[in-house]
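Participant: Let me give you the structure first, and then I'll get to my questions.
The values are calculated or read from the model by the stated rules, or taken from the named source; none is laboratory data. This one's a predicted model, so the numbers in the text were calculated from it and none came from an experiment. Positions of Cβ are generated from backbone atoms using ideal geometry, with glycine treated the same way; all protein chains shown enter the neighbour counts. These area figures cover heavy atoms from the full protein model, side chains too; ligands, DNA and RNA do not enter into them. Shrake-Rupley method; radii C 1.70, N 1.55, O 1.52, S 1.80 Å.
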Amino acid sequence: MSIKSIQRREFLKRTSALSMAGAATPWALNLAAIGEAAAQGTVADYKALVCVFLYGGNDYGNTLVPYDTLNYNAYQTIRSSIALPQASLANTVLAPDIALPNARQMAFAPELTPMKALFDQGTLGVLLNVGTLIAPTTLAQYNAKSVPLPPKLFSHNDQQSFWQSSSPEGATSGWGGRLGDLMLSGNGKSTFTCVSVTGNAVYLAGHTAVQYQVSTGGSIALKATNSKIYGSQAVSDALRSLSTVPYANALANEYVRVMNRSIDANAVLNGALAGQTPLQTVFDPTNPLAMQLQMVARMIAVRNVVGARRQVFFVSLGGFDNHDFLPTQHPKLLSQLGSAMSSFYSATAELGVASNVTSFTGSDFGRTLSSNGDGSDHGWGSHHVVMGGAVRGRSFWGTLPATAVNGPDDVGQGRLLPTTSVDQLGAELALWFGVSPADLPTVLPNAGNFNLGGLRIFG
């Protein structure tokens with residue numbers, strides 16, 4: 001990046017000083033910081049990070065499945081009522097460049113066949129047993145409670161928040177947004193730095209960066225700016241005037257500035273999208289995740305029009321809290337995931353930016369390896385994927401856990417104790433994105449507790 005480290009740190013210091021004015025002035029802080037950031041340097045290239053979050057806690061056991069005879073038999077015994085037939089996995093067995101220890105083999109669920117193709121072509125890899133941690137933790141330390149642990153383990157809301165922000169529910173910023181904080185100065189239109197296609201997400205909230213929310217159809221216009229209200233253009237014009245003219249009152253005037261920024265962003269983005277050449281890549285219109293990723297691809301396609309050099313995107317798919325009906329519900333969700341991510345990679349290749357875009361999955365937590373009948377319960381560690389042209393694909397990163405309940409890798413019922421932290425994943429992504437090692441603690445406050453760089457997700 002062309003932004004000098006000393007400039008960036010001074011900018012962050014001033015941002016911190018402004019924040020002491022209190023929570024009552026967040027918009028003033030954001031706008032002041034954005035204005036200062038825009039005056040700094042530019043980023044010469046383009047990179048985007050795309051977080052694909054699976055809400056509810058994805059079942060790792062039926063996503064990445066043991067295939068070698070010894071471990072498949074253990075898996076089938078533990079999960080007798082929900083285990084996938086070994087024969088159904090024959091076409092999705094993964095052949096990494098570096099074989100797993102002890103002749104172990106793993107296979108994707110059959111519904112992830114499109115992702116298996118990406119693995120085979122070297123643009124996707126699997127991160128093993130990753131989860132929320134504050135510091136490296138052994139099973140003995142966990143049992144003795146001798147190291148700090150993420151608060152309220154196995155709780156949906158808190159673990160969703162901790163995964164996305166390194167803090168429990170109530171966090172005001174996430175590590176995607178904090179990445180955006182460092183990159184605002186490289187974007188001609190800072191509004192489009194952190195973009196959600198799935199509603200509000202703490203992951204994209206920065207100290208200075210504000211998440212910009214779009215729908216799968218594009219920017220959401222204010223009704224007062226593009227349609228009559230109660231059938232009256234006069235009412236619409238009056239509301240627009242009230243919402244956009246300057247006021248002497250500081251709070252009212254700040255509201256006006258926010259409204260004007262929204263109106264301006266809507267015009268810029270929808271104008272850019274309207275002039276975009278339609279993508280040739282096919283996205284399944286019945287797949288909600290595919291539609292979100294299609295919008296991300298469309299926004300990437302107009303990156304030069306809106307002046308974007310660094311962007312962080314957030315999309316999601318819900319329904320993974322499969323305490324019941326896992327054999328019927330989970331395959332449908334994985335089918336949507338595999339199809340959507342395959343189409344998205346194809347779109348980035350079509351746009352010539354496959355090596356400039358990295359996508360990764362996240363989830364509240366994994367689930368128990370043991371079954372509760374026709375489902376699984378809340379767990380901790382899980383397996384996730386990282387995809388992109390810059391990724392060192394055909395790889396397993398991290399440590400594959402034992403296929404066992406109450407074994408050396410779990411805290412009970414097959415709840416995996418993570419051997420890789422979200423911070424380690426985030427650090428690899430941040431460094432690829434252009435963050436300096438000195439600035440990693442700004443993005444990931446617990447990163448300094450871990451050995452960073454050992455995963456080698458990127459070549």
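Participant: Evaluate the following for Leu326: is it hydrophobic (A, V, I, L, M, F, W, C) and over 29 Å from Val435 (Cβ atoms)?
Facilitator: Taking the combined requirement at face value, the residue satisfies it.
Participant: When the residues of region 148-176 are filtered to those that are open to solvent by less than 20 Å² (accessible area, probe 1.4 Å) and of a type outside the set (Gly, Ala, Ser), which remaining residue is nearest to Pro408 (Cα to Cα)?
Facilitator: Filtering region 148-176 for residues that are open to solvent by less than 20 Å² (accessible area, probe 1.4 Å) and of a type outside the set (Gly, Ala, Ser), the one nearest to Pro408 (Cα to Cα) comes out as Pro150.
Participant: Another one. Any idea how many residues of region 367-379 are open to solvent by 10 Å² or more (accessible area, probe 1.4 Å), under 23 Å from the mean Cα position of the chain (by Cα) and within 25 Å of Leu94 (Cα to Cα)?
Facilitator: 0
Participant: Can you tell me which of (1) open to solvent by less than 10 Å² (accessible area, probe 1.4 Å); (2) of a type in the set (S, T, N, Q); (3) in contact with a helix residue (DSSP H, G or I) (Cβ under 6 Å, 6 or more places away or on another chain) is the one Gln86 doesn't meet?
Facilitator: That leaves (1) as the condition not met.
Participant: Please count how many residues of region 31-73 are out of contact with any helix residue (DSSP H, G or I) (no Cβ under 8 Å at 6 or more places or on another chain), at pLDDT below 95 and either outside any helix (DSSP H, G or I) or within 25 Å of Gln292 (Cβ to Cβ) (or both).
Facilitator: Of the residues in that region, 1 qualify.
Participant: Right, next: Of all residues in region 183-230, how many are touching a Cys at 6+ places or on another chain (Cβ under 8 Å), at pLDDT below 95 and assigned to a helix (DSSP H, G or I)?
Facilitator: 0
Participant: On to the next question. Condition test on Thr442, is it among the β-branched types (Val, Ile, Thr), assigned to a helix (DSSP H, G or I) and surrounded by 17 or more Cβ atoms within 10 Å (Cβ to Cβ)?
Facilitator: Yes: the conditions hold for Thr442.
Participant: Have a look at Val391, Val411, Val422, Val385 and point out the one that is closer than 23 Å to Pro150 by Cα and either out of contact with any helix residue (DSSP H, G or I) (no Cβ under 7 Å at 6 or more places or on another chain) or open to solvent by 30 Å² or more (accessible area, probe 1.4 Å) (or both). If you could, list the steps in order and put the result at the bottom.
Facilitator: Values: Val391 fails: closer than 23 Å to Pro150 by Cα; Val422 fails: either out of contact with any helix residue (DSSP H, G or I) (no Cβ under 7 Å at 6 or more places or on another chain) or open to solvent by 30 Å² or more (accessible area, probe 1.4 Å) (or both); Val385 fails: either out of contact with any helix residue (DSSP H, G or I) (no Cβ under 7 Å at 6 or more places or on another chain) or open to solvent by 30 Å² or more (accessible area, probe 1.4 Å) (or both).
Exactly one residue qualifies, and that residue is Val411.
Participant: For region 133-147, state whether one or more residues are within 20 Å of Leu337 (Cβ to Cβ) and either open to solvent by 30 Å² or more (accessible area, probe 1.4 Å) or within 21 Å of the chain's Cα centre (by Cα) (or both).
Facilitator: The answer is no, given that none of the residues of region 133-147 is within 20 Å of Leu337 (Cβ to Cβ) and either open to solvent by 30 Å² or more (accessible area, probe 1.4 Å) or within 21 Å of the chain's Cα centre (by Cα) (or both).
Participant: I'd like the full set of residues that are of a type outside the set (A, V, I, L, M, F, W, C) and in contact with a Ser or Thr (Cβ under 6 Å, 6 or more places away or on another chain), limited to region 160-177.
Facilitator: Matches in region 160-177: Pro168, Glu169, Gly174.
Participant: Here are some residues: Leu289, Leu326, Leu337. Which one is surrounded by 22 or more Cβ atoms within 10 Å (Cβ to Cβ), in contact with an Asp or Glu (Cβ under 9 Å, 6 or more places away or on another chain), more than 19 Å from Gly393 (Cβ to Cβ) and at pLDDT 95 or above?
Facilitator: Going through Leu289, Leu326, Leu337 in turn, just one is surrounded by 22 or more Cβ atoms within 10 Å (Cβ to Cβ), in contact with an Asp or Glu (Cβ under 9 Å, 6 or more places away or on another chain), more than 19 Å from Gly393 (Cβ to Cβ) and at pLDDT 95 or above: Leu326.
Participant: Quick check on Phe365: is it assigned to a helix (DSSP H, G or I), touching a Ser or Thr at 6+ places or on another chain (Cβ under 8 Å) and not charged (D, E, K, R)?
Facilitator: no
Participant: Still on this structure, please answer the following. Output the number of the condition that Gln311 fails; it satisfies all remaining conditions of (1) modelled with pLDDT under 95; (2) surrounded by 17 or more Cβ atoms within 10 Å (Cβ to Cβ).
Facilitator: (1)
Participant: Ala297 versus (1) in a helix (DSSP H, G or I); (2) modelled with pLDDT under 95; (3) not β-branched (Val, Ile, Thr): which is the lone unmet condition?
Facilitator: The single condition Ala297 does not satisfy is (2).
Participant: In region 82-93, is there at least one residue being within 20 Å of Val385 (Cβ to Cβ) and in contact (Cβ under 8 Å) with a residue 40 or more places away in the chain?
Facilitator: Within region 82-93, none of the residues are within 20 Å of Val385 (Cβ to Cβ) and in contact (Cβ under 8 Å) with a residue 40 or more places away in the chain.
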